[in-house]
Structure formats: C-alpha cells, structure tokens
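Data first, discussion second: the structure below is written as structure tokens.
The values are calculated or read from the model by the stated rules, or taken from the named source; none is laboratory data. Small disclaimer: the values here were computed from a predicted structure and weren't measured. FYI the Cβ positions are ideal-geometry reconstructions off the backbone, even for glycines, and counts take in every protein chain you see.
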Amino acid sequence: MKLIIAIIQPYKLEEVKEELYKSDINLITVSEVLGHGRQKGVTEVYRSARETGNLLRKIRLEIAVNDNFVEKTIKAISKGSKTGETGDGKIFVLDLNECVRIRTDERGPEAIG
Amino acid sequence: MINSGDTAFVLFSAALVMLMTPALAFFYGGMVRRKNILGILMQCFIILCVISIEWVVYGYSLSFAPGNGFIGGLQWLGLNGVGFEPYADYAATIPHQAFMIYQGMFAIITPALIIGAFAERMKFSAFLLFTILWATLVYNPVCHWVWGVGGWFKNMGALDFAGGTVVHISAGVAALVTAILIGRRKNIEHSTPTPHNLPFIVLGTGLLWFGWFGFNAGSALAANGLAVNAFVVTNTSAAAAGLTWAIIEWLKNGKPTIFGTVSGIVAGLVAITPAAGFVSVMSAIVIGMFVSVICFFAVSVIKPALKYDDSLDVFGVHCMGGIWGALATGLFASKAVNPAGADGLFFGNPKQFMVQAVTVLATIVYSVILTVIIYKVVDLMIGMRVTEKEELMGLDLTQHHERAYTILE
C-alpha cells in the first residue's frame, strides 16, 4: 500500500479530479495549503508597498492506493496538472503501513478500495 | 421657524454620519491582520458609546455654547437649554437638538479616525483614556474655533463647510504623532503586514461614501440648493480621486488595485469636505484628481522614507487630504456657488487662501502639542503599548478574550 501526496496548482484541481475518475480512482482528500518551490512566491502590492516572496496558494491531494494502482494514479495526477512551467508541483509516494476502514474494521489492502 | 423638510433632512443626515463610524470600523478592520480585527471594531464601537455620552454631558457645550474665541461656555452642560426651538446662530429652521445630535456624530467619528495609526499595538484601557482626553481637549476646542459662536477661525472668515480642519487635519495630525510615539509594530522590518480582508475594506468604503452625503450635504443644515451642491461635488470628487489613484497605480505599478482605488475614493471624500459648500462641480474634479496624487505620494514615498509606522495611513490619506482640501477651498471657493461664502484665489481673492493656510497651520500646531501631552500623560499613568507577547498574539485574544474567526465550525 502507498500513500500518494501531490502538491498542485489550485486551478488544475478540476482537471486532476477528472483524470483520476477516468482511471477509476475515487478516494481523495484535498486541502488548501501555502508554499512555494522554485517559483519563489508572488509579489503582491498593497498601497504601493511591494510584498515579495509571499507564499502561494496550492492544493494538496492525499490518495491511499494499493500497489497495482500507484502508476495509474501518478499518471492521472501528472496528466491533469502538467503545464510545463515552474510551479506545476510535485508528487510524493510513501509506504503505507496500515489502513483501517472504520465502519467495518477491515484492515489492509481490503480497506483501501 | 421650524421647517419640517429641513428637520427631516438633518435628522436623516445625522443617521448617515452615524453609519460612517461602523463603516470606518470595517474599512480599518479589513486592513489589519486577522488577530486584530475585533480590536479595531471594538475601538470604533466603544467610541460610539463613549463620545455619544461625552457629547450630551459636556462636549456639545464646550464646542458650541457661546464662550470666548478659544472654547465654548458651560451653560449648555447636560443639554440644559438645548431644546426644540431653533438656535438661529447655527440653524434657524430646525430644532436646536437636531443640530446638536448631527454635530455629535462628527465628534464621534473624529477620534475614531486616529485608530488606524496605532492599530495592532495599543492597550485598550490606554486607548479609552486617550480618546476621552483627546475628544475633550482637542476636538471640542477646535470645533469651537471653526463653527462655534465667537470661534476665532470663524471670526477670521475661514471656510470649512463640513470639517476639513476640525475633523481630518486634527485627527490626521494626532495619527502621525501617536504612530511616532508608540513606535513601529514588531517583526515588520522584512514584510509589512498585508490586509486580512480586502472585501471588508471595500464594504467599508461603500458605506463611507454613502454616509458622506450626510456629512457634507447635511452640513447645509437645510434641504436646499446648497445641500444639492455639496451632494453633487462630494460624489464627483470621490469619483475623480478613485479613478486617478487607479490610473497612477496602473502607470507606476503595472496594475490598478481595488485597495488603491478605494483609498483614492476616501481621499477624494476627505478633500471635498471643507470645500463642498463653496466650490463648483468642475473644481471638484480638479480637487479630487490632485488629492490622489498628493496622498499616493504620501503613502508610497514619504511614509517608507521616514519609516514611521502609521499602520493604516491615517496621516497619508486624512491629514494630507484634509490639508489639500482646506487649501483648495481657498483656491476654488466662489461666491457664484455660495453667496454666503467667499471667493478664493482663483476667483480674485488671495486673502482667502492665506486665511485657509493660517487655519491649517494653527490646527496642526495645536493638535501636535496637545496630542503629545495627552499621549505622555496616559503613557505615564497606565502605559500605552501592549507587551510584546500580547502584540504577537493579537489584540483580539489579549485585550478582549475573543476571536473573530474560528477554524472548526
């Protein structure tokens, strides 16, 4: 089992969701986060005071999958969010030790799907 | 002779001006960080409570009762003798108390303007004492100079239709003084705090613009042509100033901002305030355009260069805009608009410009001296500034034990 964490551009969320659904991946957690990488933030202007390096709004996705779904998930996220410019984001894949479905007490790969 | 149309108009104008203080609360509240918005709202609303009482108990008497050139008498304490018959020296066609409550709304918003300068770092108790002393020792006398029977500005022939000197310059100067004396906010060397809620700023501006019709047109104290003139030039100046600020930003910074546009609108409203009953609509366009140039320069060049932390630009917008408005009245005033007024420099009367300049200078000097003294006294008695830890935690939690926004539910 793997936990896939992706940081993407907020305006790409709808396309990523679309790609995930096409690949039959329906379990997803989304949160709004702040951060920046090589883009180095944005410049905002308030009454002419320039604020450089402000943290950018990003979307963080968390998807837990069984091993045979890992590549499909990565491809779907990548396809939905890629523009070729800096700031497209990152995908992290982590090992997942355990998963429990609270309703039925099922554990492991059974519980994920 | 009481005129019911005039009375209805002035009472309604008083209600419009009352709304400007809550409007200001949101205008300022949106500009601070989210940990400090309740502090701003509380300061504005407690001023509504405190000065409403101050005004009827003694403030109105000190400001408007016949006295000497410097201050009003005590004969109207507790509104003694201020009844429902007109008092012809102020307004001959409305009950005296209608004039009193209309003026009371001006007394309320003036100290509230200062809040923006020391925002995010003043102790609530110290703020309260400072405000009461400032209203008593600065607002009431200056109000008497400008509008009171026997006031020395009035006797000199100074023109201040709706409060450019007494409201905007006196409060704007106090703002600069308190910002310097209380010092800069912590941890802002590398990045100035950004406004936490721009829509609140815009909402506040909309309500201020609306309320300002009561402020300026209502100052005619009658539902007549003069009120119409004030209403029209107020709207025109606000529009010209908002547009000008947006254009300056577009040219200089690449993009026009809503924050800049509403700052211009407020500056335009400030500038036309002393002039509203004396200038024509074409003059109002010029007054509005120039005020945005002046105030833009004040907030984007002077403030960063001098490094004082006037958090919400009270000096840059209200004081500079007020000074320009008072001087512009001396330039653009015309007897063709208001026969009871005077001609300004551009209409062949340079003396009026000098009179306006004297009133501006006197207001600045008096407000600086008194504000310094009041600040120092309160600072010695209870201390003005919150502790560093309280400042970092925010005034909402530390001064009021409340939070504006929750994360869950």
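Can you say whether B:S292 is assigned to a helix (DSSP H, G or I) and either of a type in the set (D, E) or at the interface with chain A (Cβ under 10 Å from one of its Cβ atoms) (or both), as far as the supplied structure shows?
Working: assigned to a helix (DSSP H, G or I): yes; either of a type in the set (D, E) or at the interface with chain A (Cβ under 10 Å from one of its Cβ atoms) (or both): no.
The answer is no for B:S292.
Quick check on B:A171: is it in contact with a Phe, Trp or Tyr (Cβ under 9 Å, 6 or more places away or on another chain), outside any helix (DSSP H, G or I) and away from chain A (no Cβ under 14 Å)?
On the way: in contact with a Phe, Trp or Tyr (Cβ under 9 Å, 6 or more places away or on another chain): yes; outside any helix (DSSP H, G or I): no; away from chain A (no Cβ under 14 Å): yes.
Considered against the rule, which asks whether it is in contact with a Phe, Trp or Tyr (Cβ under 9 Å, 6 or more places away or on another chain), outside any helix (DSSP H, G or I) and away from chain A (no Cβ under 14 Å), B:A171 comes out as no.
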Evaluate the following for B:T205: is it out of contact with any Gly (no Cβ under 6 Å at 6 or more places or on another chain) and of a type in the set (S, T, Y)?
yes
Would you be able to tell me the number of residues in the range B:270-321 that are surrounded by fewer than 21 Cβ atoms within 10 Å (Cβ to Cβ) and polar (S, T, N, Q)?
1
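Please work out which residue is nearest to the other protein chains (Cβ to nearest Cβ), limiting yourself to the range A:46-69 and to residues that are part of a loop (DSSP other than H, G, I, E, B) and free of Cβ contacts under 8 Å to residues at least 60 places away in the same chain. Talk me through it step by step, then tell me what you get.
Within the range A:46-69, the first condition is being part of a loop (DSSP other than H, G, I, E, B), and the residues that meet it are A:47-48, A:55, A:66.
Keeping just the survivors that are free of Cβ contacts under 8 Å to residues at least 60 places away in the same chain gives A:47-48, A:55.
Values: A:R47: 5, A:S48: 3, A:L55: 11 Å.
Step by step, filter the range A:46-69, then rank; the result is A:S48.
Inside the range B:20-47, can you point out the residues that are in a helix (DSSP H, G or I) and surrounded by fewer than 17 Cβ atoms within 10 Å (Cβ to Cβ)? Walk me through how you get there before you give the answer.
Taking the range B:20-47 first, the residues in a helix (DSSP H, G or I) are B:20-29, B:37-47.
The answer is B:F45, B:I46.
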In this structure, is A:E85 among the charged types (D, E, K, R), within 14 Å of chain B (Cβ to nearest Cβ) and within 30 Å of B:E249 (Cβ to Cβ)?
no
Among (1) more than 14 Å from chain A (Cβ to nearest Cβ); (2) under 30 Å from B:V32 (Cα atoms); (3) in contact with a Phe, Trp or Tyr (Cβ under 9 Å, 6 or more places away or on another chain), which single condition is B:T257 missing?
(1)
Check the range B:245-262 and report whether any residue there is assigned to a helix (DSSP H, G or I), surrounded by 24 or more Cβ atoms within 10 Å (Cβ to Cβ), in contact (Cβ under 8 Å) with a residue 12 or more places away in the chain and polar (S, T, N, Q).
no
Odd one out for B:Y139 among (1) at pLDDT 95 or above; (2) assigned to a loop (DSSP other than H, G, I, E, B); (3) among the hydroxyl-bearing types (S, T, Y):
(2)
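Does B:A112 satisfy the criteria of being under 23 Å from B:A223 (Cα atoms) and outside any loop (DSSP other than H, G, I, E, B)? Step through it out loud before you land on a result.
On the way: under 23 Å from B:A223 (Cα atoms): no; outside any loop (DSSP other than H, G, I, E, B): yes.
No; evaluated as a whole, the condition is false for this residue.
Residues that are part of a helix (DSSP H, G or I), surrounded by fewer than 23 Cβ atoms within 10 Å (Cβ to Cβ), touching a residue at least 12 places away in the same chain (Cβ under 8 Å) and within 14 Å of chain A (Cβ to nearest Cβ): does the range B:236-244 have at least one?
Residues of the range B:236-244 part of a helix (DSSP H, G or I): B:236-244.
Checking which are surrounded by fewer than 23 Cβ atoms within 10 Å (Cβ to Cβ) leaves us with B:236, B:239, B:243.
Narrowing further to those that are touching a residue at least 12 places away in the same chain (Cβ under 8 Å): B:236, B:239, B:243.
In the following step, the residues that additionally are within 14 Å of chain A (Cβ to nearest Cβ) were identified as none.
Taking every residue of the range B:236-244 in turn, none turns out to be part of a helix (DSSP H, G or I), surrounded by fewer than 23 Cβ atoms within 10 Å (Cβ to Cβ), touching a residue at least 12 places away in the same chain (Cβ under 8 Å) and within 14 Å of chain A (Cβ to nearest Cβ).
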Flagged pairs (Cβ under 8 angstrom, 6 or more apart or on separate chains; first in the range B:385-398, part of a loop (DSSP other than H, G, I, E, B); second β-branched (V, I, T)) are B:V386/B:T398
Can you name the residue in the range A:6-36 that is within 23 Å of A:V70 (Cβ to Cβ) and among the small types (G, A, S) and, of all such residues, is surrounded by the most Cβ atoms within 10 Å (Cβ to Cβ)?
A:A6
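Taking B:V299, is it touching a strand residue (DSSP E or B) at 6+ places or on another chain (Cβ under 8 Å), within 30 Å of B:L129 (Cα to Cα) and either free of Cβ contacts under 8 Å to residues at least 24 places away in the same chain or among the β-branched types (V, I, T) (or both)?
Numbers: touching a strand residue (DSSP E or B) at 6+ places or on another chain (Cβ under 8 Å): no; within 30 Å of B:L129 (Cα to Cα): yes; either free of Cβ contacts under 8 Å to residues at least 24 places away in the same chain or among the β-branched types (V, I, T) (or both): yes.
Answer is no for this residue.
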Could you tell me whether any residue of the range A:92-103 is more than 14 Å from chain B (Cβ to nearest Cβ), surrounded by 15 or more Cβ atoms within 10 Å (Cβ to Cβ) and not in a strand (DSSP E or B)?
yes
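Of all residues in the range A:73-91, count the ones that are in a loop (DSSP other than H, G, I, E, B) and not hydroxyl-bearing (S, T, Y). Even if it seems obvious, please write down each step before you answer.
Initial filter on the range A:73-91 (in a loop (DSSP other than H, G, I, E, B)): A:82-88.
Retained after the next criterion (residues that are not hydroxyl-bearing (S, T, Y)): A:82, A:84-85, A:87-88.
Here the count works out to 5.
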Taking A:T43 and the conditions (1) among the polar types (S, T, N, Q); (2) free of Cβ contacts under 8 Å to residues at least 24 places away in the same chain; (3) more than 26 Å from B:P199 (Cβ to Cβ), which numbered condition does it fall short on, given that it satisfies the others?
(3)
Determine if the range B:90-113 includes at least one residue that is surrounded by fewer than 17 Cβ atoms within 10 Å (Cβ to Cβ) and under 18 Å from B:C49 (Cβ atoms).
no
